[in-house]
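Participant: Provided herewith is a single structure, encoded as structure tokens, for subsequent inquiry.
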Amino acid sequence: MGVEVLGVEFDRVTMDEAVRRGVAMLDTASPDYVVTPNPEVVMTCREDAGALEAVKNASMVLPDGIGVIYGARILGRPLPERVPGADFALNMFAEMAKAGRSVFLLGAKPGVADLAAQKLAERFPGLVIAGTNDGYFTDDAPVIAKINAAAPDFLLVCLGVPKQEKWMYENRDKLRVRLMAGLGGSLDVYAGVVERAPASWQRLGLEWLYRLGKEPKRIGRMMKLPRFLLCVVGERLRGK
Ligand code: UDP
């Protein structure tokens with residue numbers, strides 16, 4: 001059974017369990033996909049039926065943000081730990097490298113996925129980079145054809161929320177891949193275009209504050225966090 005937080009059902013898994021399941025999905029023929037909602041995505045799902053449908057159909061729903069962990073705790077159904085999507089994929093790569101598995105990187109501005117590919121290839125010898133494509137295409141068909149020609153085991157879909165979730169849901173049956181994950185700005189992080197918060201900030205659960213300091217224009221999006229917490233407290237008080 002998962003843990004329901006404001007209509008989104010999260011898997012009750014640790015990082016290790018999530019990676020173990022992800023690796024197992026590389027051996028199944030079904031086109032699985034993983035989503036990693038943070039509070040902003042949960043709030044988007046309340047307003048956007050298409051986004052919710054896409055999240056509900058995912059094979060694994062991982063709690064990306066510290067806000068989701070707090071929300072689940074307030075609701076009295078705690079989740080084991082935060083499973084950030086960017087780290088989930090890195091742990092997948094470490095396992096995949098041992099078996100010479102392949103990944104295709106889709107998303108971000110032109111050039112970023114290539115740079116990320118270079119850095120990941122250096123960091124994970126044995127990992128096969130099957131291909132890359134930027135995330136600013138208007139026609140899906142040629143991109144899908146390119147991915148299918150490469151036939152990767154794992155496809156990272158980094159198109160931002162909720163575009164990436166909808167894209168995976170809508171195209172899952174057309175794609176010749178074993179597993180996909182919607183990972184937001186992860187390619188920017190792997191490429192070194194955007195820095196992750198220092199480990200000490202991450203440990204304190206303050207990565208969001210660090211990012212806000214770096215990109216003050218995120219404030220509008222981040223206002224979803226207090227709304228999220230208010231909704232959670234409201235549900236708790238109503239005894240849901
Ligand atoms: N992006 C994209 N295509 C689009 C819109 C966005 O490839 O049409 C990329 C964007 O360049 C960035 C990522 O999607 O690399 C979203 O980043 P953001 O920081 O907004 O994501 P988060 O991790 O916060 O969901």
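Participant: Among Ile147, Val13, Leu106, which residue has its Cα furthest toward the positive end of the charge dipole of the chain, with +1 on Lys/Arg Cβ and -1 on Asp/Glu Cβ?
Facilitator: After comparing all options, I get Val13.
Participant: Kindly report the accessible area of the stretch 156-239 per residue (heavy atoms of protein chains, probe 1.4 Å, no ligands, DNA or RNA), in Å².
Facilitator: In whole numbers, the stretch 156-239 has 56 Å² accessible per residue.
Participant: Give me Rg/Rg_expected for the chain, where Rg uses Cα atoms only and Rg_expected = 2.2 N^0.38 Å with N residues.
Facilitator: 0.98
Participant: Still on this model: By how many nm would the segment from Asp139 to Asn57 grow when fully extended, if each residue of separation counts as 0.36 nm and the alpha-carbon distance is taken off?
Facilitator: So the chain would gain 27.2 nm between Asp139 and Asn57.
Participant: Please report, in whole Å, how far the alpha carbons of the stretch 130-179 spread along each principal axis, starting with the longest.
Facilitator: Computed over the stretch 130-179, the largest-to-smallest principal extents equal 25, 18, 15 Å.
Participant: Please list 3J(HN,Hα) in residue order for the stretch 168-181, calculated via the Karplus relation 6.51 cos²θ - 1.76 cosθ + 1.60 where θ = phi - 60°; whole Hz, with x for glycine and proline.
Facilitator: Each residue's phi maps through the Karplus curve to give 5, 4, 6, 9, 4, 7, 8, 9, 8, 9, 8, 8, 10, 9 Hz.
Participant: Something else about it: Between their Cα atoms, which of Lys56/Lys98; Lys163/Lys217; Lys166/Lys224 are more than 22 Å away from each other?
Facilitator: Lys56/Lys98
Participant: May I have the extent of the alpha carbons of the stretch 1-112 along their three principal axes, as whole Å values ordered from largest to smallest?
Facilitator: 42, 31, 26
Participant: So how strong a dipole does the chain carry about its Cα centre when Lys and Arg Cβ are +1 and Asp and Glu Cβ are -1, to the nearest 20 debye?
Facilitator: 560 debye
Participant: Does anyone have the angle between helix 15-25 and the longest principal axis of the chain? Alpha-carbon axes, 0 to 90°, nearest 10?
Facilitator: 40 degrees
Participant: Once R0 is set to 22 Å, what does the formula 1/(1 + (r/R0)^6) return for the Cβ-Cβ distance between Arg77 and Asp16, expressed as a FRET efficiency to the nearest 0.05?
Facilitator: For Arg77 and Asp16, the calculated efficiency is 0.60.
Participant: Tell me, what is the percent relative contact order of the chain, built from C-alpha pairs under 8 Å that lie six or more residues apart?
Facilitator: Normalised by residue count, the contact order of the chain is 24 percent.
Participant: How large a share of the accessible area of the chain, in percent, is made up of carbon and sulfur atoms when the probe is 1.4 Å and the other protein chains stay in place?
Facilitator: 54 percent
The values are calculated or read from the model by the stated rules, or taken from the named source; none is laboratory data. In this text the structure is predicted, and so the values were computed from the model without any measurement. Using ideal geometry, Cβ is built from the backbone for each residue, glycine included, and neighbour counts are taken over all protein chains shown. Surface areas here come from the heavy atoms of the whole protein model, side chains and all, with no ligands, DNA or RNA. Shrake-Rupley method; radii C 1.70, N 1.55, O 1.52, S 1.80 Å.
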